[in-house]
1. Let me know the mean shielding of B:116-128 by other chains, meaning the per-residue number of their Cβ atoms within 10 Å of its Cβ.
2. Out of all DSSP beta bridges with both ends in the protein assembly as shown, state the antiparallel percent to the nearest 5.
3. Given H placed on each backbone N at 1.01 Å, which residues far from B:Leu4 in sequence or on other chains put an amide H within less than 5 Å of it?
4. Express in whole angstrom the spacing between the alpha-carbon centres of the stretch B:198-224 and the stretch A:160-231.
5. Need the C-alpha centroid separation for the stretch A:101-133 versus the stretch B:72-132, integer Å.
6. Over the stretch A:3-236, what is the relative contact order in whole percent, taking alpha-carbon pairs under 8 Å and six or more residues apart?
7. In the structure displayed, which of B:Lys18/B:Lys152; B:Lys11/B:Lys152; B:Lys55/B:Lys75; B:Lys11/B:Lys55; B:Lys43/B:Lys181 lie more than 18 Å apart, Cα to Cα?
8. Quick one: if you take sqrt(5λ) for each eigenvalue of the C-alpha gyration tensor of the stretch B:140-232, what semi-axes come out, biggest first, whole angstrom?
Amino acid sequence: MTRTQELLLALLGAVLLLALAWAVPWLRFVLTVALAKSLAVFGILLLLRAGQVSFGHALYLALAAYTAAFTAMLIPEALILLPVAAIASALVGLVVGLFVVRYREIFFGMLNLALSMVFYSLLEKFYSITHGTDGMRLPPLRFAGIPLEGEFQGWVLLILAVVLALGFGALVRIYLASPMGQALAGIKTRETRLEFLGVPARRVLLAAYVLAALMAGCGGAVLAMTTRLVTPALAYWTASGELVFIAILGGAGSVFGPVIGAVAFELTRVYAAALVADAWQLILGSVLLLVILFAPGGLWGMGKALLSRRKIA
Amino acid sequence: MSALLSARGLKLAFGGLKAADGIDLDVMDGEFLAIIGPNGAGKTTFINMTTGYLKPQAGSIEFDGKPILGMSPRKIVALGIGRSFQLPQLFTEHTVLENAALAVAARSGIWSPFAPLMRPSIRQEAEALLDRFGLSPVADRRADALNEGARKLADIAMAVALRPRLLLMDEPTSGVAAADKMAVVETLVRVLRESRVTAVFVEHDMEVVARFADRVAVWGQGRIMALGDPQTVLNDPQVRRDVIGELPQEALHAPT
Ligand SMILES: Nc1ncnc2c1ncn2[C@@H]1O[C@H](COP(=O)(O)OP(=O)(O)OP(=O)(O)O)[C@@H](O)[C@H]1O
Ligand SMILES: [Mg+2]
């Protein structure tokens, strides 16, 4: 697929999402949440390039969401909350990253998990500050000074999420084609060679890790502003597992994967919850199994295969 | 001629096994030095110590007059010591061209997240590099789809891309089909001479050694058993018995 085709597809996808949100108003919220999560899944995709899976990436989503919640008490302005939360998340990603990039594979995955669970417990324990499992409500917000209410709030946040997903999708795409991104993929196959090329593999991974934290931070901020409620559950290990699930569901081979995966995941969840409330986990498990067995390229890989088959036929 | 690399009293034991047992060696600027010796003699261990991959328990190594012992492989590479591997270390999910491009990019630092790796300047240099090694026909193949000989060459090409002053090659011709071997070595030697690289290479083929080495060092049980010009060393009765006794006679009379 050429770069122009990808760009057109991305724009088409954005228009489709907005059209869907317009046709079915209650989906606006669902789609915004899906896009917010896809921002974090972009990070999972980056780390997967290096052959590493983080089972604690929701840490950054939650961290940013809480940062947004606390900052909103002082300045309830979306255009401030977003960068503040993203930068806070990136900074923590830098500090944590310096430590975790020394490890690989199962140790990398589990260390991330452990740290996210530490954060979860802190959120739960410090009731006086965080209100524990009750979580924190965000006050009414403004966007560029205009109060965010009702319909307007829904649209502003959805469009913000669409713009962020397009922007970071493009960034990740460019990053992966750059020497830094290609070296990242080199960590997966031959880390020794990187060192003998004079390339510090850990710093290559650290750069990706910080970018992943930054993107999850943006996702967390959007999530907090959309739901207006943040709880420790955001950092719970199942939330991290969900991000990895979405990455595999959508397909880790392309930047389209995270967005397709997240949208499919949230839509399925909403409808499954309505139709077969108790079978949700079962559906989740079965879908994951099917994808791993029959469509290792995820939904994106399936779609691409279908398209190219049609072209040949 | 001055010594580009000098090793003194290198010792390294794995448990009771002495892989290096007092190695003293000077590699002269501009020479091609062959290392021969039986399996397990400690040839690879010497390369590993020189490139910072293993740390000797005693001794010193100087490169261009500077002590390099204890430095990381990365620092040593930056000083101008390149290496290729007994088992080629390629990025197996990348194409040969991408492997070469990464090596070319690595020379000037890879920290550009926005410009593509395959930008014209890097691509052209990588293509020229592969061309010099006769690897152009396989440039677009994935590295794990190559035969052993091409993998070896690609591995060396990546080291050469960094423009080292000293190149350590661990069995560059093993795995290369016998019929192609001399042609491959000739290509290799031409590239290295063009780039004015000082080379140390571990080699099991005495014909290659006789033809291309300026000097030969014979390794045995972590020590250097003999060192000198190929004619003398390869005809030394003890060396012939211990290291090359089983090899065909005519190898030694190959043209030099
Ligand atoms: N990292 C290591 N740990 C333990 N033992 C090692 C290690 N590296 C090498 N050895 C042992 O040290 C000895 C020398 O190994 P080395 O690889 O240097 O031999 P070599 O001369 O390169 O042999 P070959 O011709 O088979 O490649 C061998 O007996 C080997 O098993
Ligand atoms: Mg060896």
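1. Mean inter-chain Cβ contacts per residue within 10 Å come to 2.
2. Values: 26 of 44 bridges.
Roughly 60 percent of the beta bridges in the protein assembly as shown run antiparallel, per DSSP.
3. Here the answer is B:Val27, B:Met28, B:Asp29, since their amide H atoms fall under 5 Å of that of B:Leu4.
4. 46
5. Cα centroid to Cα centroid, the span is 38 Å.
6. On the way: 357 pairs, mean separation 100.6, N = 234.
Relative contact order, the stretch A:3-236: 43 percent.
7. Values: B:Lys18/B:Lys152 28 Å; B:Lys11/B:Lys152 29 Å; B:Lys55/B:Lys75 14 Å; B:Lys11/B:Lys55 9 Å; B:Lys43/B:Lys181 21 Å.
Checking Cα-Cα distances, B:Lys18/B:Lys152; B:Lys11/B:Lys152; B:Lys43/B:Lys181 exceed 18 Å.
8. On the way: eigenvalues 112, 49, 34 Å².
In descending order the semi-axes read 24, 16, 13 Å.
Just so you know, all these numbers are worked out from the coordinates, no wet-lab data involved. Because the structure is a prediction, the values reported are computed rather than measured. Glycine gets a Cβ as well: all are built from the backbone with ideal geometry, and neighbour counts include every protein chain shown.
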